[in-house]
Amino acid sequence: MLATPLPYGWIIYDLVFLGIAPWATVAAYYGSYWDMLGAVCLSPITVLTYRLCEKLKISHLEEILVPFNLGLFAPLVWRFCNGGQDLCHITPMYMGALLIHLPGAELVWGAIEVLQGSVIHGASRLIKGLFQATSLAVFLTLGWQVFGRNLSEGWLQSLDEPRTIGAVASLPASSWCAEAFPEYYPHYFSWPFVIGVYNMPLNILCLANVFIPVRDWIGPFCVGQVGLLTLGY
């Protein structure tokens, strides 16, 4: 298996990465078209970071440098690509660009291996996933301090909070918008449309991201769509 050549070259792989972020913004996090634009601006940062890590032979630092660089540039992108939206929309922007680096697979497979009796392997995966999630949060916050200092000041003032500057206003927004589909969204935005339509390109891009050949897409694609529709329902 290890000797089998990959079905795609590095150009296709990078293009897939660039496409996952904006589609994940609307399909996975119910963002708007403005959020997609922000994710389009942020996704090249992810690609350039992991390519630079590969070039410099520091791939072991990728899980640190990717969130740091996204935290560095996300507030800057937000200032030019927010469309007058509430600050909560910055979360789908940077989460779309972080989607592939989230430790979901590690946690799922770790739990499965523990249940199957492989306690050492499963626990190792779970610990790795925990450290990965922690590093994402910590280094995203560190990068945020450059251009995101006091970014939440106006939002905190609108809530009549006693403190509106400093650390409390300089953390990455981590709360989702109160409504998944606000009134200012297009009328056709609903969970059946997002899950059934917008998740299709995201599903295909994710299949390419894990190097599944095109001839083998049908089965995983159908299983993925049924699972996403069930989850949305």
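The values are calculated or read from the model by the stated rules, or taken from the named source; none is laboratory data. For clarity, every value in this text was computed on a predicted model and none was experimentally measured. Using ideal geometry, Cβ is built from the backbone for each residue, glycine included, and neighbour counts are taken over all protein chains shown. Keep in mind that these areas ignore ligands, DNA and RNA; they rest on the heavy atoms of the full protein, side chains included. Shrake-Rupley method; radii C 1.70, N 1.55, O 1.52, S 1.80 Å.
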Test for Ile204: is it among the β-branched types (Val, Ile, Thr) and either open to solvent by 50 Å² or more (accessible area, probe 1.4 Å) or part of a helix (DSSP H, G or I) (or both) | yes
Of the numbered conditions (1) open to solvent by 40 Å² or more (accessible area, probe 1.4 Å); (2) assigned to a helix (DSSP H, G or I), Pro92 satisfies every one except a single condition; which is it?
-> (1)
Taking only segment 24-47 into account, find how many residues are assigned to a helix (DSSP H, G or I) and either open to solvent by less than 60 Å² (accessible area, probe 1.4 Å) or modelled with pLDDT of 95 or more (or both).
-> 15
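Given the condition within 12 Å of the chain's Cα centre (by Cα), at pLDDT below 90, open to solvent by 20 Å² or more (accessible area, probe 1.4 Å) and under 16 Å from Thr134 (Cβ atoms), answer yes or no: does some residue in segment 103-114 qualify? Before the answer, list the steps.
Initial filter on segment 103-114 (within 12 Å of the chain's Cα centre (by Cα)): 103-104.
Add one more test, that the residue is at pLDDT below 90, and what stays is 103-104.
Those still in the list that are open to solvent by 20 Å² or more (accessible area, probe 1.4 Å) too: 104.
Add one more test, that the residue is under 16 Å from Thr134 (Cβ atoms), and what stays is 104.
Yes, that holds for at least one residue.
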Would you check which residues across segment 127-140 are open to solvent by less than 60 Å² (accessible area, probe 1.4 Å) and not hydroxyl-bearing (Ser, Thr, Tyr) and list them?
-> Gly129, Gln132, Ala133, Leu136, Ala137, Phe139, Leu140
Which numbered condition Ile12 misses (of (1) under 25 Å from Gln145 (Cα atoms); (2) open to solvent by 20 Å² or more (accessible area, probe 1.4 Å); (3) touching a residue at least 60 places away in the same chain (Cβ under 8 Å); (4) part of a helix (DSSP H, G or I)) | (1)
Note on segment 141-192: residues open to solvent by less than 60 Å² (accessible area, probe 1.4 Å), closer than 21 Å to Trp34 by Cα and at pLDDT 80 or above are Trp144, Gly148, Pro172, Tyr185, Pro186, Phe189, Ser190
List pairs: first in segment 90-112 and more than 11 Å from Ala39 (Cβ to Cβ), second surrounded by 15 or more Cβ atoms within 10 Å (Cβ to Cβ) and among the β-branched types (Val, Ile, Thr), Cβ under 8 Å, 6+ apart or cross-chain?
-> Ile100/Ile20; Ile100/Thr46; His101/Thr46; His101/Val66
Search segment 48-81 for residues being in contact with a Ser or Thr (Cβ under 7 Å, 6 or more places away or on another chain) and β-branched (Val, Ile, Thr), and hand back the single one that is surrounded by the fewest Cβ atoms within 10 Å (Cβ to Cβ).
-> Ile64
Right, Gly122: open to solvent by less than 40 Å² (accessible area, probe 1.4 Å), among the small types (Gly, Ala, Ser), in contact (Cβ under 8 Å) with a residue 60 or more places away in the chain and in a helix (DSSP H, G or I) or not?
-> no
Condition check for Phe211: part of a loop (DSSP other than H, G, I, E, B) and closer than 30 Å to Trp10 by Cβ | yes
